[in-house]
Amino acid sequence: MNKERIILGIDPGTTIMGYGLIKVEKKQMKFLQLNELILKKYTDPYIKLKLIFERTIELIETYKPDEIAIEAPFFGKNVQSMLKLGRAQGVAMAAGLSREVPVTEYSPKKIKMAITGNGNASKEQVARMLQSLLKLKSLPDNLDSTDGLAAAVCHFYNANKPQKEKSYSGWAAFVQQNPNKVK
């Protein structure tokens, strides 16, 4: 793939949504941006979801990404936390799909493995490796934004590999691949 493209990576969350963007030119990654949407101050969960959707649309309209890589919720013991993360992820995915931007989700373990070679790496290890790979001058205080950036870099590394993760090119593809979820 020699075509220039932009990848938006998202680490969904209802407290903080981290995101990062890279540009791929001639098979080389170039850092564009990383940041976070702070949602802690909002108590209404529906306002949080609305803000996630709006920020994702804003990022799409500003940077015109060719693809979105999103971190899948990890399976923990707290069902309520998983439900909240799943909703945040779904809203970010819906924003991308509504603009016909292909979305691929990656497990946290796969992202960590792609960046550090260790699926059990800490957030700090992932952030430091990204700093080295992309020549970032400094790291943010919250590492949710580097987690979003890590999803984009993971997608770059997996671009030419057979797809095992879930990937959707639009609403039609999502419905076709998930017939039991859509009625």
Of all residues being open to solvent by 10 Å² or more (accessible area, probe 1.4 Å) and hydrophobic (A, V, I, L, M, F, W, C) in segment 3-19, which is farthest from Arg55 (Cα to Cα)? Just the residue, please. Ile6
Mind checking whether some residue in segment 84-106 is in a loop (DSSP other than H, G, I, E, B) and within 24 Å of Ala127 (Cβ to Cβ)? no
Criterion first (closer than 19 Å to Ile22 by Cα, modelled with pLDDT of 95 or more and in contact with an Asp or Glu (Cβ under 8 Å, 6 or more places away or on another chain)) does Ile57 satisfy it? no
What are the residues in segment 58-106 that are acidic (Asp, Glu) and exposed (fewer than 15 other Cβ atoms within 10 Å of the Cβ), if any? Glu58, Glu61, Glu100
Scan of segment 132-162 for residues that are in a loop (DSSP other than H, G, I, E, B), more than 19 Å from Gln89 (Cβ to Cβ) and open to solvent by less than 50 Å² (accessible area, probe 1.4 Å), ordered by number: Leu136, Pro140, Ala159
Output the number of residues of segment 20-36 satisfying the condition of being open to solvent by 20 Å² or more (accessible area, probe 1.4 Å) and under 18 Å from Glu71 (Cα atoms). 4
Could we say that Ser169 is modelled with pLDDT under 80 and either open to solvent by 20 Å² or more (accessible area, probe 1.4 Å) or touching a helix residue (DSSP H, G or I) at 6+ places or on another chain (Cβ under 8 Å) (or both) here? yes
If you scan segment 107-131, which residues turn out to be small (Gly, Ala, Ser) and open to solvent by less than 20 Å² (accessible area, probe 1.4 Å)? Gly119, Ala121, Ala127
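The values are calculated or read from the model by the stated rules, or taken from the named source; none is laboratory data. This is a predicted model, so every value here is computed, not measured. Every residue, glycine among them, receives a Cβ derived from its backbone with ideal geometry; neighbour counts consider all protein chains shown. Keep in mind that these areas ignore ligands, DNA and RNA; they rest on the heavy atoms of the full protein, side chains included. Shrake-Rupley method; radii C 1.70, N 1.55, O 1.52, S 1.80 Å.
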